[in-house]
Amino acid sequence: MSRAADLTTAFFARPASWPLVLTGLLLAAWLIHRYGWLNPYQQQILMYVGIHIILTASLNLVNGYMGEFAVGHAAFMAVGAYVSSLITVRLFPFQAAPLLFPLALLVGSLAAGIVGLLVAFPSFRTRGDYLAIVTLALNMIVKSAIENLEVIGGPRGFLGMQRLTTLPWVVFWVISSLWLLRNFIYANLGRGVLAIREDEVAAELLGVDTRRVKLHAFILSASLAGLAGGLFAHVVQFITPRSFDIVRSTEILVMVYLGGIGSLAGSVIGATVYTVALEWLRFLGQWRMAIAPLLLVFLMILRPTGIMGLREFVAFIPREERNLRARLEALGRGRQGWPPAGEAGRVGPHGPA
Amino acid sequence: MALLELQGVSRRFGGLQAVADLTLQVPEGELTALIGPNGAGKTTVFNLITGVYRPTGGRILFDGQDLVGLPPAAIVQRGIARTFQSIRLFKGLTALENVRIAHFARVTYGPGAWLSRGRPFREEEEAILAASYQWLERFGLARYALEPAGSLPYGDQRRLEIARAMATRPRLLLLDEPAAGMNPAEVEALMELIRWLQASFQVTIFLIEHQMRMVMGLCQVVHVLDFGRLIASGTPDEVRRHPRVLEAYLGQGAGGS
Ligand SMILES: Nc1ncnc2c1ncn2[C@@H]1O[C@H](COP(=O)(O)OP(=O)(O)OP(=O)(O)O)[C@@H](O)[C@H]1O
Ligand SMILES: [Mg+2]
């Protein structure tokens, strides 16, 4: 392809490249945070971008890679947000909260994962509208459950969180989440996820334990959304049930289908473009909220695979998978003496290729 | 010894008796055929064996153990693989990926391994890659390894489906009209491929086929199904002359070779 693509490929082919880039990113984030290289408003937008990247990639696992249609991702975000906030505000001593913040995030993420389990079971049956209805219902149930829990503020919301989410933390969690998803996708369970998208019955008939695959995918997806919820709560420092309504879920859907299904690069692009664009459109006021649903409808009709559409940047593909062609060539060379004695009695009718 | 044994297997779809009290055996190491006119219930028999549908009656014994009630993935692990009448490849994935997925159940590494992508992970993945590529090579499909399966020529898609099924290392391979839509030369090559598979991998083959030529050339025993009932069993020659078989096929004018 293009020269730029070649250079990128060559760069990421070197083992030392990734650690270098990631350290650089973290360092930059820390410097921006520490020395105020960007003003607080700009930093906040960057943090939203990061949080949205995690949300988008997590939903992409279920909707893009696995081909299901879950529509209530804000429910998991809510669980992560409320659980982590309760921990940092009510459980941790004020001074120790910044240090223990990651712990609170992980517990919130775990709680969201458990709720994700509830959605995994209905998905065992068949795919399609059924899951959409279940996830939509879950979104509404979680929202009204919080509204009815006076101990956590009910409809008035919950506050008192310190601003524990900082740009370096966001960058750290984005990197971790994408790394986790990448390693999941490019391994056995991930292959199962793709097989389910392509043809669930055929997958099952090749020995893919589709229930185990779905269980993993839903739990992983929900926990990451919960993590994003925790980060979000500690940026805005005030959460209400309305922060996690169906409009929020729709926004996550938009980012997935804008950036591209089945693609981590697409998730990054979708989240970034949407978040920044929405900031520019601030002058529209309340009308902004109409953008997400409209955009979703247009995207589903015009380009349901999104900008990246099942393609991936080389940087997001593990080295072993990127080198497939070379590895196959090596395998082909190594088998000049085919067929190996004992394995196959005769040469195949089409000969060794 | 029969590797697969159907004992009084039945399946109803509402008012339709798709398979009725079917009893037959598939002997180990042999090539057995299941034939019958359109809608006779042949594919349904495969769907019952592989757990896609549950029989409304009867038992299905594989290697002496009842398969009824097991989920399809568990049946595959016992050693039964199949292809489909209408090709069901993972069309958007590469030919290589199609075959790699067939290794799913045999992967032993756990979460620690795929999280870290360390040595145990890479070694097992390398073995899967090598085995998958070898299956592609054996079927003459190596050059398509990194092409989307849906972009392969029709005949190669059919063979890729067999390669993918073989990658699960079955003891019993169910082929549902593998020659459908092939020209005579392709059918000839396919017959050779099936014989080679059976000889090289000690796999028992149970084959659904419309084309009598294919059945005559390959199989020792043929079972004939009509309206879900077994109407004849025997060598291809016996079956071809069987009055009830002639009658069944006459109705649609597609008898003989
Ligand atoms: N899931 C189903 N629901 C209802 N009816 C079904 C179902 N599957 C099959 N049938 C019916 O059962 C009968 C047998 O179908 P089957 O596909 O097994 O026939 P077949 O012998 O494979 O035919 P062909 O040669 O056309 O492939 C048909 O009448 C078909 O319509
Ligand atoms: Mg059929």
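Assorted remarks:
- Relative contact order (%) - chain B, alpha-carbon pairs under 8 angstrom, separation at least six: 27 percent
- Descending semi-axes in whole angstrom, ellipsoid equivalent of region B:176-220, from the Cα gyration tensor: 17, 12, 9
- Placing unit charges on the Cβ atoms of the charged side chains and taking the dipole of chain A about its Cα centre, the candidate lying farthest along the positive direction among A:141, A:42, A:73 is A:42.
- Estimated FRET transfer efficiency when R0 is 41 angstrom, pair residue B:10-residue B:183 (beta carbons, to 0.05): 0.65
- Rg/Rh (Cα only; Kirkwood hydrodynamic radius) as it applies to chain B: 0.99
- Computed label-point distance, nm, for sites residue A:145 and residue A:284 using a 7 Å Cα→Cβ extension: 3.3 nm
- Overall form of region B:128-171 per C-alpha gyration tensor (a/c, 1.5; a/b vs b/c): oblate
- Rounded tilt (10° steps) of B:184-201 against the dominant C-alpha axis of chain B: 70 degrees
- Angle of helix A:97-123 to the longest C-alpha principal axis of chain A, folded into 0 to 90 degrees and rounded to 10: 60°.
- Highest GNM mean-square fluctuation among B:182, B:191, B:216, for chain B modelled with Cα contacts below 10 Å: B:182.
- Report summary: the helix-based calculation at 222 nm, which adds -39500 (n - 2.57) for every DSSP H run with n ≥ 4 and divides by the residues of the protein assembly as shown, gives -17500 deg cm²/dmol.
- Neighbour net charge for residue B:20 - beta-carbon separation under 14 angstrom, K R +1, D E -1: +2
- With contacts taken as Cα pairs under 8 Å at a separation of at least 6 residues, region A:21-277 carries a relative contact order of 40 percent.
- Calculated over region A:21-277: convex hull of Cα atoms, volume per residue (Å³): 115 Å³
- GNM result for chain A, Cα springs below 10 Å: residue of A:305, A:250, A:23 fluctuating most strongly: A:23
- Euclidean distance between Cα centres, region A:196-265 to region A:40-73, Å: 8 Å
- Gyration tensor over the Cα atoms of the protein assembly as shown: the corresponding equivalent ellipsoid has semi-axes (square roots of 5 times the eigenvalues, largest first) of 53, 28, 20 Å.
- Computed from point charges on the beta carbon alone (+1 for Lys and Arg, -1 for Asp and Glu), the dipole magnitude for region A:21-277 about its Cα centre is near 440 Debye.
- Evaluated with a Cβ-only charge set (Lys, Arg +1; Asp, Glu -1), region B:90-168 carries a dipole of roughly 80 debye about its Cα centre, given to the nearest 20.
- If a spin label sat at a point 7 angstrom from the Cα of residue A:237 along the line to its beta carbon, the backbone N atoms of region A:105-140 nearer than 20 Å would be those of A:105.
- Compactness index (Cα Rg / 2.2 N^0.38 Å), region B:90-168: 1.14
None of the figures in this text is laboratory data; all of them are computed from the coordinates on show. On a predicted model such as this, the values are computed, not experimentally measured, just so you know. No Cβ is skipped: glycine too gets one built from the backbone with ideal geometry, and neighbour counts run over all protein chains shown.
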